[in-house]
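Read-outs throughout are calculated quantities, based only on the coordinates presented, and are distinct from any laboratory measurement. Keep in mind that what you see is a predicted model, and the values were worked out from it rather than measured. Cβ placement follows ideal geometry from the backbone for every residue including glycine, while neighbour counts extend to all protein chains displayed.
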Amino acid sequence: MVNEAAFHPWDDPDATPLIRIEGVTKTFGDFTAIDDVSLSIYGQEFFALLGPSGCGKTTLMRMLAGFETPSAGRITIDGTDMAGVPPNKRAVNMMFQSYALFPHLSVWDNIAFGLKRDGLDRDLVGARVDEMLKLTQLGKLARRKPHQLSGGQRQRVALARAMAKGPKLLLLDEPLGALDKKLRQETQFELMDIQEKTGTTFVIVTHDQEEAMTVASRVAVMDQGRFMQVDTPDRIYEAPNSVYVADFIGDVNLVPARVRQLRDAVMLDWAEGKRFFAKPVGDLTVGQEVTLAIRPEKIAISREVPEEPNRVKGKILDIGYLGNLSTYHVELPEGPVIKCEVGNRSRLSRRDFSWDDEVWLSWSDTAGLVLSS
């Protein structure tokens, strides 16, 4: 099992990646799906390719699997150049969104299918299938057909079949997309547990930011065939390198501003006579047009004037009750609507704030980030 506290080979200059993607471009006629990207993925990682539809993440996965060929650049897996290596000759397996189970075969036979095609001895096939059934907790369902299973059970059968041949790399294409939200959240942790137990390198393609942030050791946020940021989930959320990444990952308030003064905390002018202080990201210059990014949960709401220097007064425009959270949309006299979130720590018998109430919003100097792009 991977020790998450110590597992960060990407920070070790001596670590050897399992996968190297070097200057890879993929074009379809005049359309560039992947635009000169480079990336290293390490053994035992759970790596996520995250982005909106059409960003190139599935094309990149298909090149790893061998279903597409790079127009330029090189992909190596475990030190071997994949140029000309067909899918069935790679130490790679792929789990499709549709699961692609054989409807006429039992769970046991679905898992055994690839092993039998490889000509393995009957006893070895049986032992490996039993191991996969135990790993995915499907032992009692071994003789059922796919139509007799729930969506989550079919997902586990597809995973067991993909893992049965012991690939060095398992590719998962939107594997939880067909499940309802609650089951999807439960299955995310099952996937993580299976990945840790087997030590197999997983690469998952998803457009679901919550899914990527939950399961992955690192995430590559993609847009228009390029990597916008590759980092750990906490770094991508807390320290996005651009407005695009900040806006794509989670909820965020984005306020246009201008750099007034550069110190440990940057002083920003954002409206006539209004100033904020925030943490800079990258090099900035006085007078530069920038964006202040502040997460809703980092903003406090109160009736009294707060002590924080970052404070604004506004009127509650809308309220959302999400069970564990209450979300307030506060309209400022200067125009922007700022969103803040407050945890509901007790039963909601009455609201502290209501529609049209005048309130103060505040946050610390380190809560917001100044983004230049």
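Of all lysines in the structure, the ones whose alpha carbon falls short of 23 Å from that of Lys89, not counting any fewer than 8 places away in one chain, are Lys26, Lys57, Lys116, Lys165, Lys168.
Mean separation of Cα pairs under 8 Å and 6 or more residues apart, divided by the residue count, gives the chain a relative contact order of 15 percent. Highest GNM mean-square fluctuation among Gln195, Gln224, Gln261, for the chain modelled with Cα contacts below 10 Å: Gln261. Between Ala271 and Ser354, what is 0.36 nm times their sequence separation minus the Cα-Cα distance? Round to one decimal in nm. Value of the extension gain: 27.2 nm. Relative to the current alpha-carbon distance between Leu105 and Ala142, full extension at 0.36 nm per residue lengthens the span by 12.3 nm. Which one, (1) 1.23; (2) 1.18; (3) 1.48, gives Cα Rg over 2.2 N^0.38 Å as derived from the coordinates shown? Recomputing Cα Rg over 2.2 N^0.38 Å here picks out (2). If you filter the range 197-292 for trypsin sites (Lys or Arg not before Pro), then keep DSSP loop positions with at most 15 other Cβ within 10 Å, what is left? Here the sparse-neighbourhood loop sites are Arg263. Quick one: check the C-alpha center-to-center distance for the range 307-373 versus the range 175-239, whole angstrom. One Cα centre to the other: 29 Å.
Here the gap between Asp36 and Phe96, fully extended at 0.36 nm per residue and compared with their Cα-Cα distance, gives a gain of 19.0 nm. For the range 251-371, the number of Lys pairs separated by eight or more positions or lying on different chains, with C-alpha atoms closer than 18 Å, is 7. Among Trp108, Trp355, Trp363, the residue with the largest mean-square fluctuation in a Gaussian network model of the chain, with springs joining Cα atoms closer than 10 Å, is Trp355.
In the range 251-371, inverting the average of 1/r over every pair of distinct C-alpha atoms gives 14.9 Å as the Kirkwood radius.
Working from Cα pairs under 8 Å separated by at least six residues, relative contact order for the range 251-371 is 32 percent.
If a spin label sat at a point 7 angstrom from the Cα of Asp247 along the line to its beta carbon, the backbone N atoms of the range 195-234 nearer than 15 Å would be those of 222-224, 228.
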